[in-house]
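Below is one structure, written out as structure tokens, with a few remarks after it.
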Number of protein chains: 2
Amino acid sequence: MSRCPFASRRGFLAAAGGLVAATKAGAATETAAKPAELSQTEPFWGERQGGIATPQQRHLYFAAFDLTAKQPAQLVALLRAWTTAAARMTAGQTAAPIGTDETKPAPDSGDALGLLPARLTLTFGFGPGLFVKDGHDRYGLAARRPPALVDLPPFTGEQLVPSHTGGDLSVQACADDPQVAFHAVRQLARLTYGSATLRWTQTGFLGDFGADRTPRNLMGFKDGTRNPNSNVDRTPPSPFDGSLQRVVFVGDEGPDWMRGGSYVVVRRIRMALEHWDRTEVDFQEQVIGRRKYSGAPLGGTNEFDTPNFNAVDSDGNPVIPDTSHLRLGAVELNGGAQILRRSYAYNDGTNFIAERWPPWRQGLEYDAGLFFVAYQRDPRQGFIKIFERMSKLDALNQFTTHVGSGLFACPGGVQQGSFIGQGLFEAT
Amino acid sequence: MSRCPFASRRGFLAAAGGLVAATKAGAATETAAKPAELSQTEPFWGERQGGIATPQQRHLYFAAFDLTAKQPAQLVALLRAWTTAAARMTAGQTAAPIGTDETKPAPDSGDALGLLPARLTLTFGFGPGLFVKDGHDRYGLAARRPPALVDLPPFTGEQLVPSHTGGDLSVQACADDPQVAFHAVRQLARLTYGSATLRWTQTGFLGDFGADRTPRNLMGFKDGTRNPNSNVDRTPPSPFDGSLQRVVFVGDEGPDWMRGGSYVVVRRIRMALEHWDRTEVDFQEQVIGRRKYSGAPLGGTNEFDTPNFNAVDSDGNPVIPDTSHLRLGAVELNGGAQILRRSYAYNDGTNFIAERWPPWRQGLEYDAGLFFVAYQRDPRQGFIKIFERMSKLDALNQFTTHVGSGLFACPGGVQQGSFIGQGLFEAT
């Protein structure tokens with residue numbers, strides 16, 4: 001993270017004297033002191049895209065697009081335009097210089113003028129449909145589809161709806177200000193006119209639990225304790241420290257344009273919060289495999305204790321139940337399969353639901369839960385491997401339903417002068 | 001605002017040693033330093049409810065409920081329970097003490113444990129249906145319905161949908177952390193089992209533009225420049241300074257239980273953002289009546305310049321157009337009608353829309369815009385008076401559609417030992 005060294009959206013208002021007259025309206029100036037954190041930027045150019053290993057920001061706006069481009073050149077032009085706009089916006093600037101000609105639509109909607117960079121990252125991904133759509137090799141890229149970019153298999157219990165599933169392109173915008181995140185996607189969406197259309201979007205948030213503390217999800221449990229993490233220096237050391245390169249980022253297995261990239265699985269997981277809230281705490285703990293308040297694994301004392309999956313109680317039953325979420329997700333019991341979770345809570349109001357569990361109540365319930373975001377080096381050895389079993393056995397499935405899904409190949413980082421995924425279009 | 005003097009949700013985790021074992025897991029403790037602002041609380045007890053004159057927090061979760069209580073006593077019991085829980089949660093505590101019995105459902109869902117108070121306010125309102133529902137005087141309160149709590153009349157152009165309209169009770173939760181706001185409403189909703197049900201909810205956010213600066217809404221224009229405001233000391237003084245008591249809060253006109261209270265109008269206003277973004281900046285400025293970047297009224301220089309509604313250009317046309325939003329909302333031209341706007345942007349993803357304007361395009365568009373929240377002493381002399389004319393004439397109506405609506409009487413503040421709206425049930 002660094003302080004923004006560029007002319008900023010906020011600076012624009014003070015600097016563009018010809019366009020914006022200086023104000024002397026007392027406290028209401030554009031240069032008042034702000035919390036330092038919102039002035040921070042995350043790097044855009046580099047070996048890796050931002051928004052993957054980046055410490056998680058507080059807000060998400062995720063968008064999936066369908067490609068309508070007729071020619072590969074249109075797709076390349078879009079990615080070039082996205083690269084330019086993304087580099088500017090992550091630096092706290094408008095998507096394009098606004099200029100002084102007010103007789104035309106502005107190239108930026110202006111709703112982030114006066115907002116700080118807020119650590120905005122924009123992470124781009126390519127869905128299967130960029131390579132092959134309904135059996136058609138639209139852009140001559142079918143042969144370059146990475147083997148790891150599979151079609152996600154159907155999973156037990158999922159109830160996917162098209163309005164939250166799939167897409168040929170993905171943009172994950174994360175920032176510490178929700179208006180900054182939405183602004184960024186909106187500007188990128190404007191650049192798609194004629195070459196792509198929005199397919200679905202999702203907002204998400206993360207409570208401010210403080211740096212290096214595990215956030216609680218809407219179920220009230222800590223979520224992410226066993227995440228791979230190269231940024232935390234724990235005593236005693238966790239087996240998940242320092243594992244980002246191994247777990248998350250594509251290496252020599254390639255293809256070249258994916259080196260330093262990652263594969264992202266997103267799942268919109270609706271939680272039956274009303275049902276969960278009426279469930280006994282000790283039952284919740286059996287479902288998760290952890291204590292609710294401390295986050296300790298059952299049988300342990302502290303959050304970061306290594307779970308003892310062999311421990312049994314006086315009746316000979318596992319202390320950490322066979323159907324618990326912790327056990328079914330454990331790297332030790334999944335042949336080493338690991339993922340980097342970078343999820344956000346979502347809260348989209350309420351809608352009518354007919355429950356599929358006793359007592360089969362119908363009524364208005366929260367359309368809320370977890371927008372699960374997981375990065376991995378190869379989804380076949382990551383999410384798919386873990387969730388194949390979890391979807392069948394996890395006691396948590398009584399309280400959750402996967403209603404949206406996507407898998408996208410996120411290319412390696414962008415160097416100045418090139419564009420997102422450029423190597424894909426240059427491969428020979 | 002004050003620092004939280006109570007045992008906090010965060011403190012709970014450190015203090016409840018019997019329940020939660022102390023952790024020595026390096027940086028991942030529950031007591032790490034936090035930004036001071038999230039530790040601030042807003043008072044709950046007092047002459048007025050919080051969340052009205054309170055400096056606007058960054059996040060909103062608004063909920064409307066339908067009453068199902070058969071007896072007034074059930075309604076009173078609900079309001080008592082809400083009062084107790086609200087006082088605790090605004091102080092940064094759980095809705096009720098969690099205790100140590102894990103064989104029962106916990107009285108708090110736990111998803112805010114570890115989060116700071118974040119200036120949470122909870123503002124309660126009574127809709128018309130609390131007094132009369134479908135012609136029935138369910139609770140014997142019909143005669144006590146305040147004359148100002150009218151049924152909102154139909155307005156030109158509105159397209160209200162039931163799933164965002166009406167309600168017998170309202171809760172406006174505002175906080176600087178979205179998880180704190182949602183947590184609070186969720187705990188209150190749990191207390192309604194048997195006496196009320198959720199009718200609709202709405203999330204909102206406000207970009208962090210900095211204290212005493214006018215935020216920009218999603219149209220990129222400053223929104224709230226002419227708001228009544230007793231907190232800003234401007235040079236030169238604005239006619240809107242110091243006007244909160246006159247504009248917002250009910251006085252001797254009563255009824256008693258509404259003294260120090262206010263009436264809130266909420267409107268879910270969808271914005272045609274894609275359409276707006278393709279509109280010339282100077283045309284946008286004619287629609288709003290202000291310059292986009294400086295926020296100055298047309299013909300003026302600075303944001304807080306008094307608009308000159310008499311100025312004409314060389315052709316004799318008004319500099320601030322007759323159909324501009326600024327003119328139609330102006331207190332000078334509405335017989336003194338004023339409201340306190342306390343609105344939030346909303347962003348609920350995308351859905352299919354058939355545009356009602358040229359070129360009558362169909363497609364996926366943002367379900368985003370403004371969750372308009374306006375407080376006033378009497379809606380007949382506030383929102384209704386202003387919007388009657390505005391709904392017919394405002395050029396902005398080309399780009400906005402009101403799709404949700406509510407009017408609620410928010411009683412005066414609560415004194416310790418009493419409950420929300422207690423005077424209503426004691427009136428003779």
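Every number here is computed from the coordinates shown, using simple stated rules; none is lab data. The shown structure was predicted, so the numbers you read here are calculated from the model rather than taken from an experiment. In this analysis, Cβ positions are derived from the backbone assuming ideal geometry, glycine residues included, and neighbour counts consider all displayed protein chains.
How much length is gained on full extension from B:Gln245 to B:Gln415, taking 0.36 nm per residue of separation minus their Cα-Cα distance?
59.2 nm
Compared with the rule-of-thumb size 2.2 N^0.38 Å for a compact globular protein, the protein assembly as shown has a Cα radius of gyration ratio of 0.94. Amide hydrogen proximity for B:Cys410: with H placed 1.01 Å from N in the peptide plane, the residues at 5 or more positions away or on another chain lying under 5 Å are B:Phe126, B:Ser262, B:Tyr263, B:Val264. Charged side chains reduced to their Cβ positions (Lys and Arg at +1, Asp and Glu at -1) give chain A a dipole of some 760 debye around its Cα centre. Between helix A:72-90 and chain A there is an angle of about 90 degrees, using the helix long axis and the longest principal axis of the Cα atoms.
B:Ser195 sits among other residues whose Cβ lies under 13 Å from its own Cβ, and their net charge, with Lys and Arg +1 and Asp and Glu -1, is +2. The same position B:Asn351 in the other copies lies at 0.7 nm from this copy, comparing label points 7 Å beyond Cα toward the beta-carbon, shortest first.
Against chain A, whose longest principal axis is taken from its Cα atoms, helix A:178-190 shows a tilt of about 60°.
Per residue of A:99-108, other chain Cβ atoms within 10 Å of the residue Cβ number 4 on average.
Here the relative contact order of chain A, from alpha carbon pairs under 8 Å that lie six or more residues apart, stands at 22 percent.
Please identify which residues in the range A:326-346 have an amide N closer than 20 Å to a label point set 7 Å out from the Cα of A:Arg380, following the Cα→Cβ vector. Residues passing the 20 Å test: A:334-340.
The separation of the range A:372-428 from the range A:245-269, counted between C-alpha centres, amounts to 8 Å.
Note on chain B: GNM, Cα springs under 10 Å; of B:Thr165, B:Thr54, B:Thr301, the largest mean-square fluctuation is that of B:Thr301. Scanning chain B for trypsin sites (Lys or Arg not before Pro) in DSSP loops with at most 13 neighbouring Cβ atoms within 10 Å leaves B:71-277 as the longest stretch between them. Sorted shortest first, the separations between the A:Thr100 label point and its copies elsewhere in the assembly read 7.3 nm; each point sits 7 Å from Cα along the Cα-to-Cβ line. Between the helical axis of B:383-393 and the dominant principal axis of chain B, each derived from Cα atoms, what acute angle in degrees is found, rounded to the nearest 10? The answer is roughly 40 degrees.
From largest to smallest, what semi-axes in whole angstrom does the range A:371-428 give when each is the square root of 5 times an eigenvalue of its alpha carbon gyration tensor? Listed largest to smallest, the semi-axes of the range A:371-428 are 34, 12, 9 Å. Quick check for you: which residues of the range B:148-165 have the amide N under 12 Å from the point 7 Å beyond the Cα of B:Glu253 toward its beta carbon? Zone members listed by number: B:148-150.
The smallest convex shape that holds all Cα atoms of chain B, its convex hull, gives 169 Å³ per residue. Taking B:Val76, B:Val373, B:Val247 in turn, the Gaussian network model of chain B (Cα-Cα springs below 10 Å) assigns the largest fluctuation to B:Val76. Here the Karplus curve 6.51 cos²θ - 1.76 cosθ + 1.60, taken at θ = phi - 60°, turns the phi angles of the range B:247-262 into couplings of 8, 9, 9, 5, x, 5, 5, x, x, 3, 5, 9, 5, x, x, 7 Hz, with x standing for Gly and Pro. Once the chain from B:Asp282 to B:His136 is taken as fully extended at 0.36 nm per residue, the excess over their C-alpha distance is 47.3 nm. Rounded to the nearest 20 debye, the dipole size of the protein assembly as shown about its Cα centre is 140 debye, using +1 on the Cβ of Lys and Arg and -1 on the Cβ of Asp and Glu. Label-to-label distances for B:Arg389 across copies, nearest first, come out at 7.1 nm, using points 7 Å from Cα in the beta-carbon direction. Counted by neighbouring Cβ atoms within 10 Å, the residues A:His59, B:His325 run from fewest to most as B:His325, A:His59.
Derived scalar couplings between HN and Hα for the range A:264-271 equal 10, 9, 10, 9, 8, 10, 6, 9 Hz in order, rounded to whole Hz, by the Karplus curve 6.51 cos²θ - 1.76 cosθ + 1.60 (θ = phi - 60°), x for Gly and Pro.
By the helix-only formula, in which each DSSP H run with n ≥ 4 contributes -39500 (n - 2.57) and the sum is divided by residues, chain B has a 222 nm mean residue ellipticity of -5000 deg cm²/dmol. Among A:Glu388, A:Glu47, A:Glu102, which one moves the most in a GNM of chain A with springs linking Cα atoms closer than 10 Å? Fluctuation is largest for A:Glu102.
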